[in-house]
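Some notes on the structure that comes next.
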Amino acid sequence: MRRIFPAALALATVITLAFLVVPIAAIFLRVSPATLVDALGSEVARDALVVTVQTTLIAQLLIILFGTPTAYLLATRRFPGHTLAVTLVELPLVLPPAVAGIGLLATFGRLGLLGSSLSALGIEIAFTKVAVVLAVMFVAGPFYVRTGIAAFGEVDASLTDAARTLGAGPARTFGRIALPLALSGLGAGAALSFARGIGEFGATIMFAGSLQGVTQTLSLAVYEQFDVDFDTALAIGAELVVVSAAVLIVVKLVPSWRLSTSIFPTGSATSASS
Amino acid sequence: MASLDIDLSHGLRDLRLELTLSVGAETVALVGPSGAGKSSVLRAVAGLLQPERGRIAVDGERWLDTAAGVDLPPERRSVGLVFQEYALFPHLTVRANVAFGATSAAVVDDVLARLRIAGLADERPPRLSGGERQRVALARAIAREPRVLLLDEPLSALDAHTRDSVRGELRDLLAALRLPTVLVTHDFEDAAALADRVGVLVDGRLLQLGTASELVAAPADPFVARFTGATLLHGVAEPADGLTRVALDVGGSAWTIDPGSGRVAIAVHPWEVSVSRTAPDDSMVNHIRAPIGSLVTVGNRVRVRVGPLAGEITTGSAERLGLREGDVVVASFKATAARLIPLA
């Protein structure tokens, strides 16, 4: 028994790793690297790359612009409905992407909640680049906000209190103390949301469709190409593996700030009760 | 004349903080057990805690007046608050920490020099020792040129060795600043060394306010007596022969010159207690015969626990008497050294 258990652990680990690694390796091993590079030059692959870069950058910018203040408020203020607000932020994380897609259509589609009014103004959102951006924001944004809440929550409240007593108003306290100290956590959150956004498929295909050069992102192109030109599908897949791996490495390498000057690293600083 | 007037009423988790206190150009220490509301007083003055009712004014200028709807935010109150664990900004250099709230660059240089941390100006707080952090925290608070100084347990994060020297420096600094200063500590020695007056805060209420020697000489309450280092003997008092005789719960009786009757406690400080092998032949001297509970040497003094009493004698006399734990000895104290505290 004493020797069987460690052996069983090792065997399970080897099987798990092999199962996870082999499909990724297969993308690179099935055809030669030269073929992969050639296929990346195809029009479909280039269009998909352009669409992905454009929509992802705009979506990430908007996520950070709206998500940072949201995360700060939810991390530092307590108000009635706080738990509900945090739960609502988390809901899209567990929602199937197809549900996100149908929800977005029901909101912004031609006959949707807001879409019908927008339509009357001559604004169409569904099946445009705007729709891709919205779909990415909906599924990827919560990753940033959730990580941001944790990052701001870890900033020792006595530091922001100290800034206030030193004459800094709420805005300067945020800019000079809370934001710099939460920056590494926010960076990790942005990387996670970026990775989720790049891989977004279900909500996009329902809400934005897969129109080459307009709404067809890299992930959608892999799906479109796999029964048209398998090599191109593989090449785009390889491209996505490299990007995703790069994001993962960035997240792992982000240095963690020491958040507190406390001599007792785990002790909470000033408490209101003593 | 600088003054800080505090009048607060605020419900904390399991007690109500009720405090009225006027602080001139002096240091007032608030002492008491943890959870008594000491830090909450500082937070309320700084504007970090909104009391349910109260008024806080500095030189007559209202910072808080709940009745009139006045409540200045922390950044508009001129306080220098030194946090218990200093709350230095870890991502900023010492100089940037001190400059954060400073009134001018000249003040920063001046304060860095004054607290002897100019050499650390480019370091970051995580690399500093405890004593250095404490000085940076003080420098940062002072550089704001505040009208009120608030110190939350300024010495508690330091080790015993650093503590003694920092205590001396801090006393000199407070004397030089002459600002209304409120200092929170759970240590009576720190309070006695740093403060002009000491307020004992227990369960949200100020039990007694006076100089440290007043608290030692006339404790108003058993807690105050114990806090100043006295041991307590409980009993029932009745006037006798112009003195007061207290029938002790532990047996025997003790005399005190303080008047009183009914349930009382007698407070005796260790330095008033002498220890001998035989009872002294003097009716003015109280004595208790009991085995030695513990013997602890601190420097050139020995703390001897005799029954309910704690005495402090020199190592010389302890050796002369050949004291050992368990020996039955006589601990005695004069009737003039027995402080009588009436119990409700």
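Mind listing just one residue for me: the one in the range A:15-46 that is part of a helix (DSSP H, G or I) and of a type in the set (Ser, Thr, Tyr) and, of those, nearest to A:Thr217 (Cα to Cα)?
Applying the first criterion (part of a helix (DSSP H, G or I)) to the range A:15-46 yields A:15-29, A:33-40, A:43-46.
Still in the running and of a type in the set (Ser, Thr, Tyr): A:16, A:35.
Numbers: A:Thr16: 30, A:Thr35: 21 Å.
Ranking the candidates gives A:Thr35 first.
Do we find that B:Glu214 is modelled with pLDDT of 90 or more and either in a helix (DSSP H, G or I) or over 11 Å from B:Leu340 (Cα atoms) (or both) in this structure? Reasoning before the result, please.
Working: modelled with pLDDT of 90 or more: yes; either in a helix (DSSP H, G or I) or over 11 Å from B:Leu340 (Cα atoms) (or both): yes.
It is true that B:Glu214 is modelled with pLDDT of 90 or more and either in a helix (DSSP H, G or I) or over 11 Å from B:Leu340 (Cα atoms) (or both).
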Fill in the blank from the handout: When B:Ala44 is run through (1) within 27 Å of A:Val155 (Cα to Cα); (2) part of a strand (DSSP E or B); (3) more than 9 Å from chain A (Cβ to nearest Cβ), the failure sits at (2)
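Out of curiosity, is B:Thr256 buried (at least 21 other Cβ atoms within 10 Å of the Cβ) and either modelled with pLDDT under 90 or over 30 Å from B:Glu85 (Cα atoms) (or both)? Walk me through how you get there before you give the answer.
Details: buried (at least 21 other Cβ atoms within 10 Å of the Cβ): yes; either modelled with pLDDT under 90 or over 30 Å from B:Glu85 (Cα atoms) (or both): yes.
So B:Thr256 fits the description; yes.
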Exercise for the section: Starting from residues that are surrounded by fewer than 16 Cβ atoms within 10 Å (Cβ to Cβ) and of a type in the set (A, V, I, L, M, F, W, C), keep the ones in the range B:63-85 and report whichever is nearest to B:Leu150 (Cα to Cα). Expected result: B:Leu72
Problem - Hey, B:Ala36 part of a strand (DSSP E or B) and buried (at least 23 other Cβ atoms within 10 Å of the Cβ) or not - result: no
Exercise for the section: Return the residue satisfying two criteria in turn: it lies in the range B:47-62 and is within 12 Å of chain A (Cβ to nearest Cβ) and more than 15 Å from B:Arg16 (Cα to Cα), and of such residues it is surrounded by the most Cβ atoms within 10 Å (Cβ to Cβ). Expected result: B:Leu48
Exercise for the section: Give A:Phe152, A:Phe127, A:Phe143, A:Phe138 a once-over and let me know the one that is assigned to a loop (DSSP other than H, G, I, E, B), buried (at least 16 other Cβ atoms within 10 Å of the Cβ) and in contact (Cβ under 8 Å) with a residue 40 or more places away in the chain. Expected result: A:Phe127
Exercise for the section: At least 1 residues that are at pLDDT 90 or above and away from every other protein chain (no Cβ under 14 Å) in each: list the helices (runs of 4 or more DSSP H) lying fully within the range A:161-274 that qualify. Expected result: A:179-199, A:202-207, A:218-225, A:230-253
Handout entry: Condition met for B:Arg301 (farther than 26 Å from B:Arg245 by Cβ, modelled with pLDDT under 90 and of a type in the set (Lys, Arg))
Key = yes
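Being within 14 Å of chain A (Cβ to nearest Cβ) and more than 21 Å from B:Ala2 (Cβ to Cβ) is the filter here; which residues of the range B:167-186 pass it? Can you show your working first?
Kept after step one, since they are within 14 Å of chain A (Cβ to nearest Cβ), are these residues of the range B:167-186: B:182, B:184-186.
If the condition is that a residue be within 14 Å of chain A (Cβ to nearest Cβ) and more than 21 Å from B:Ala2 (Cβ to Cβ), then B:Thr185, B:His186 are the ones that fit.
Filter the helices (runs of 4 or more DSSP H) completely within the range B:86-198 down to those with at least 2 residues that are surrounded by 22 or more Cβ atoms within 10 Å (Cβ to Cβ). Explain how you work it out, then say what you get.
Details: elements: B:94-99, B:105-114, B:130-143, B:160-177, B:188-194.
Per the criteria, B:94-99, B:105-114, B:130-143, B:188-194.
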Handout entry: Of all residues making up the range B:297-330, the number that are closer than 22 Å to B:Gly229 by Cβ and assigned to a strand (DSSP E or B)
Key = 16
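Could you identify the single residue in B:Leu15, B:Leu8 that is within 13 Å of chain A (Cβ to nearest Cβ) and either crowded, with 24+ Cβ neighbours inside 10 Å or out of contact with any helix residue (DSSP H, G or I) (no Cβ under 6 Å at 6 or more places or on another chain) (or both)?
On the way: B:Leu8 fails: within 13 Å of chain A (Cβ to nearest Cβ).
Among B:Leu15, B:Leu8, only B:Leu15 is within 13 Å of chain A (Cβ to nearest Cβ) and either crowded, with 24+ Cβ neighbours inside 10 Å or out of contact with any helix residue (DSSP H, G or I) (no Cβ under 6 Å at 6 or more places or on another chain) (or both).
The values are calculated or read from the model by the stated rules, or taken from the named source; none is laboratory data. Predicted model, so just to flag it, every value in this text is computed and none were measured. No Cβ is skipped: glycine too gets one built from the backbone with ideal geometry, and neighbour counts run over all protein chains shown.
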